[in-house]
1. Return the residue satisfying two criteria in turn: it lies in the stretch 129-140 and is touching a strand residue (DSSP E or B) at 6+ places or on another chain (Cβ under 6 Å) and at pLDDT 95 or above, and of such residues it is surrounded by the fewest Cβ atoms within 10 Å (Cβ to Cβ).
2. Within the stretch 39-53, how many residues are of a type in the set (Gly, Ala, Ser) and either in contact with a His (Cβ under 7 Å, 6 or more places away or on another chain) or away from the ligand (no atom under 16 Å from the Cβ) (or both)?
3. Which condition breaks for Leu80 when tested against (1) away from the ligand (no atom under 16 Å from the Cβ); (2) closer than 24 Å to His9 by Cβ; (3) modelled with pLDDT of 95 or more?
4. Which one of these is at pLDDT below 95, more than 29 Å from Trp227 (Cα to Cα), small (Gly, Ala, Ser) and away from the ligand (no atom under 13 Å from the Cβ): Ser145, Ser167?
5. Look through the stretch 48-106, keep the residues that are hydroxyl-bearing (Ser, Thr, Tyr) and not in a helix (DSSP H, G or I), and return whichever of them is surrounded by the fewest Cβ atoms within 10 Å (Cβ to Cβ).
6. Filter the stretch 4-21 down to residues that are in a loop (DSSP other than H, G, I, E, B) and away from the ligand (no atom under 16 Å from the Cβ) and give me whichever is surrounded by the fewest Cβ atoms within 10 Å (Cβ to Cβ).
7. Looking at (1) over 16 Å from Ala163 (Cβ atoms); (2) surrounded by fewer than 15 Cβ atoms within 10 Å (Cβ to Cβ), which one does Val114 not meet, given that it meets all the others?
8. Does the stretch 55-69 hold any residues that are in contact (Cβ under 8 Å) with a residue 12 or more places away in the chain and either within 16 Å of the ligand (Cβ to nearest atom) or within 16 Å of Ile30 (Cβ to Cβ) (or both), and which are they?
Amino acid sequence: MLAAIGESHPDVVVVCGDICQRGTAEQARIAAAECAGLGVLVVAVLGNHDYLSGAADEVAAILAEAGVVVLRGQSVLLDLPGRGRLALVGAMGQMEAVTPRQRHLVPAAEYDPVHYRRMLTHRSIRAATAVVSVLHVPGFKTATSGEPEHLVEQMFNPAMGRAVGRSRRVRLCLNAHCHRGCERYRTRSSGLRGRSASCRVTGTLTRTYELDPRTGRVATVHEGLPWPADLYDKPAPHPGPGVAPRPTSARNLAS
Ligand SMILES: [Fe+2]
C-alpha cells in the first residue's frame with residue numbers, strides 16, 4: 001500500500017469499506033498489518049463484505065487495535081496544524097447491502113439517515129474547516145452512473161444521500177461498493193462533489209486527492225498503482241486468502 005501511495009504524503013488514508021473479501025478475522029489481521037505499517041492515520045468504514053462471515057465486530061476490533069479509526073456511524077476530527085481541522089463522518093450506508101442472514105448484526109448507526117445527519121451536524125464537528133462524508137454504499141444515484149440498469153437501485157441509498165445533501169458543511173463524499181460506477185461525480189441537487197474509491201472503478205489501488213475546504217474543489221495529486229483486475233475475479237474459497245484493502249488517500253489542504 002505504501003508503494004501505491006507513493007510520495008504523495010497524505011494527511012489521512014481513507015479506506016472506504018469491503019476491507020476483507022470474506023469478512024474473516026484472518027483477512028482483517030492482514031489488512032490491519034498493512035494499515036499499521038503506513039505511518040499515517042488510517043480512517044475506515046466497513047463494507048458489506050466485512051459482514052459476510054458474521055464477524056464484523058471482530059474485524060472492526062482488529063483494525064482498531066492496529067490504530068485504524070473505524071467509523072460506524074461516527075465521526076473523527078483531525079487537526080492539521082496551520083490548515084484547520086478536517087472532520088470525517090462515516091458508515092457503511094445501507095443495511096440491505098448485507099446478506100439477509102447477517103442483517104441483524106448491522107447496527108442502526110451504520111445505515112440510519114437520521115443518525116447520520118445528526119453526526120454531520122453534531123456540535124463536536126462544527127469547528128471543522130471541512131467535513132468529508134465516507135459511505136461504503138453511495139448516497140447518490142449519480143455515483144452509480146455506468147452500472148447495469150437492473151443493479152442501480154440496489155447500489156445506492158437515497159435516504160443517506162438526502163442526509164448528506166442537507167448538510168451544508170460537507171465538502172466531499174467518498175464511497176466504494178460500485179463496480180462500474182463513475183469515479184467522479186457531482187450531485188444535481190446540492191452540487192456536492194463525490195469520488196469513488198472502488199478499485200474496479202478507478203483501476204488503481206489508491207488515489208490521492210487534495211481538497212480545498214472552502215470551495216470543495218478536489219484535485220487528483222497521485223493516481224496510485226494499477227489494480228490487478230483479476231484479484232477479485234478468481235473464485236475465492238471460504239475462508240478466502242487475505243486480500244489487500246482498497247484504500248483511498250485523501251490530503252486536505254485546509255487553510
Ligand atoms: Fe460493497
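1. In this case the residue turns out to be Val131.
2. Applying the first criterion (of a type in the set (Gly, Ala, Ser)) to the stretch 39-53 yields 39, 44, 47, 53.
Filter again for either in contact with a His (Cβ under 7 Å, 6 or more places away or on another chain) or away from the ligand (no atom under 16 Å from the Cβ) (or both), leaving 39, 47.
Count: 2.
3. If we test Leu80 against (1) away from the ligand (no atom under 16 Å from the Cβ); (2) closer than 24 Å to His9 by Cβ; (3) modelled with pLDDT of 95 or more, just (3) comes out false.
4. On the way: Ser145 fails: more than 29 Å from Trp227 (Cα to Cα).
One residue alone meets the criteria, Ser167.
5. Of the stretch 48-106, the ones hydroxyl-bearing (Ser, Thr, Tyr) are 51, 53, 75, 99.
In the following step, the residues that additionally are not in a helix (DSSP H, G or I) were identified as 53, 75, 99.
Working: Ser53: 21, Ser75: 22, Thr99: 11.
Looking at the filtered set, the residue picked out is Thr99.
6. The extreme case among them is His9.
7. (1)
8. Within the stretch 55-69, Ala55, Ala56, Glu58, Val59, Ala60, Ile62, Leu63, Glu65, Ala66, Gly67, Val68 meet the criteria.
The values are calculated or read from the model by the stated rules, or taken from the named source; none is laboratory data. In this text the structure is predicted, and so the values were computed from the model without any measurement. Neighbour counts run over all protein chains shown; Cβ positions are idealised from the backbone, glycine included.
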